[in-house]
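A short worksheet on the structure shown next.
The values are calculated or read from the model by the stated rules, or taken from the named source; none is laboratory data. Worth saying up front: this structure is predicted, and the values here are computed from it rather than measured. Here the Cβ is made from the backbone with ideal geometry for all residues, glycine too, and neighbour counts use every protein chain on show.
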């Protein structure tokens, strides 16, 4: 269906880990320029939901429909297209920030310019070794990595954690620019976040 | 979303270059391989004594010892190819950016260069230290190439399978035994032929067939074991 705009829709997603049922029939949808804010206490399944949406984890049941301009993408295609910021995302300690971005830009077959521009805005020196970064600096690198290939869909798990005030302000600006350009975002956070733009809300706490 | 051959090749090259860049900075595998190779070489040399072994004994014994040295050295360094990605949590970023087959081939290429470098250093020293008489040097080079490739691809495949398991060390031994045993039997047989100057008959084609089968199995299995 060419011409159908980018959208993400998931219905009745269920995921168990052994006997523990983490996702129990979760549904939601995001349209271009839209954002879905997923909240809930620790262990409520926010990160699991984002991993399922990214294609990193297979849901036990339910459907995920993600469509870009050229058609619907399955899990393996989605995995290579989305931009992800997550606490468990790590980079090579032996490589500098610039080398990390260059390596992943070669894998994604894109110029590293976009990543370096984000780094500059977030104020992270490109010549620092990955192993010497503070937690706030690692979060900056995650943002630069997630936006490296200009993805249409951003999946952000606790996207502002460890940021100082300036870092959080810049990250919020980057998110706003992404949405203004017609991108989609799913943001997971333990508590609700205030955004300048409207966001659909999905509470996994109940 | 399909990636064409040139982009796939660029991905393989990127993974290969990253592996060597990280290796040159940590020298984990290089040091481990060098340590195991030196230790086993010295042990074998001392145990054979200054007179070495007779020519007939050498043809039977020395090929086995050579491949034991190579296997031990490789087994100490290569199983970490994917384990380290899981332990340092870089595997998630790789899953989100790399085509599985390109990642497998990039890691295999890195392992292959490591094994070939090891063979290039160990074999001449071993031949000199043990007075290993090789009647057919060309066949020895061929078996080192085919056997080295088999060691690299077999180890990379097993390393990928064990990466997400809890008991990685034990599982590597259990899985490596059936995967690498046929390889070692064949490489020892062909190396004996190289030493005695006799024709390898079916052993060399079987070795090449083993390499092809494990490569195809690796390319087919890797996306399944790497992704959910």
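For the range B:5-23, the criterion of a residue being within 14 Å of chain A (Cβ to nearest Cβ), more than 22 Å from the chain's Cα centre (by Cα), modelled with pLDDT under 85 and not in a loop (DSSP other than H, G, I, E, B) is satisfied by at least one position. Scanning the range A:100-111 for residues that are within 7 Å of chain B (Cβ to nearest Cβ) and either in a strand (DSSP E or B) or free of Cβ contacts under 8 Å to residues at least 40 places away in the same chain (or both) returns A:103, A:106, A:107, A:109.
Give, as residue ranges, the strands (runs of 3 or more DSSP E) completely inside the range A:1-51 that count at least 1 residues that are in contact (Cβ under 8 Å) with a residue 12 or more places away in the chain and at positive phi.
A:7-17, A:20-30
Only strands (runs of 3 or more DSSP E) whose full extent lies in the range A:137-206 are considered here, and the ones with at least 3 residues that are within 13 Å of the chain's Cα centre (by Cα) are A:153-157, A:184-189.
When the helices (runs of 4 or more DSSP H) confined to the range B:113-228 are screened for residues that are touching a helix residue (DSSP H, G or I) at 6+ places or on another chain (Cβ under 7 Å) and within 14 Å of chain A (Cβ to nearest Cβ), those reaching at least 1 such residues are found at B:203-226. Residues that are under 19 Å from residue B:21 (Cβ atoms) and touching a strand residue (DSSP E or B) at 6+ places or on another chain (Cβ under 8 Å) were ranked within the range A:115-143; the one that is surrounded by the fewest Cβ atoms within 10 Å (Cβ to Cβ) is A:127. Mind checking which residues of the range A:34-60 are more than 13 Å from the chain's Cα centre (by Cα) and facing another protein chain (nearest Cβ under 10 Å)? Across the range A:34-60, the qualifying residues are A:57, A:58, A:59.
For residues that are facing another protein chain (nearest Cβ under 10 Å) and touching a residue at least 40 places away in the same chain (Cβ under 8 Å), scanning just the range A:61-77, find the one that is nearest to the chain's Cα centre (by Cα).
Initially, the range A:61-77 is screened for residues facing another protein chain (nearest Cβ under 10 Å), giving A:68, A:70-71, A:73-77.
Still in the list and also touching a residue at least 40 places away in the same chain (Cβ under 8 Å): A:68, A:70-71.
On the way: A:68: 16, A:70: 21, A:71: 21 Å.
Filtering first and then ranking leaves A:68.
When residue B:74 is tested against (1) away from chain A (no Cβ under 14 Å); (2) more than 15 Å from residue B:153 (Cβ to Cβ), just one condition goes unmet, and that condition is (2).
Listed here are the residues, each with its yes/no results for (1) in contact with a helix residue (DSSP H, G or I) (Cβ under 9 Å, 6 or more places away or on another chain); (2) at pLDDT 90 or above; (3) over 26 Å from residue A:123 (Cα atoms).
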{"position": "A:8", "(1), (2), (3)": "yes, yes, yes"}
{"position": "A:28", "(1), (2), (3)": "yes, yes, yes"}
{"position": "A:50", "(1), (2), (3)": "no, yes, yes"}
{"position": "A:55", "(1), (2), (3)": "yes, yes, yes"}
{"position": "A:64", "(1), (2), (3)": "yes, yes, yes"}
{"position": "A:106", "(1), (2), (3)": "yes, yes, no"}
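Restricting the range B:61-84 to residues that are buried (at least 23 other Cβ atoms within 10 Å of the Cβ) and more than 30 Å from residue B:130 (Cα to Cα), which is nearest to the chain's Cα centre (by Cα)? Looking at residues that are buried (at least 23 other Cβ atoms within 10 Å of the Cβ) and more than 30 Å from residue B:130 (Cα to Cα), I get B:81.
Restricting attention to the range A:83-98, the residues that are within 7 Å of another protein chain (Cβ to nearest Cβ) and buried (at least 21 other Cβ atoms within 10 Å of the Cβ) total 3.
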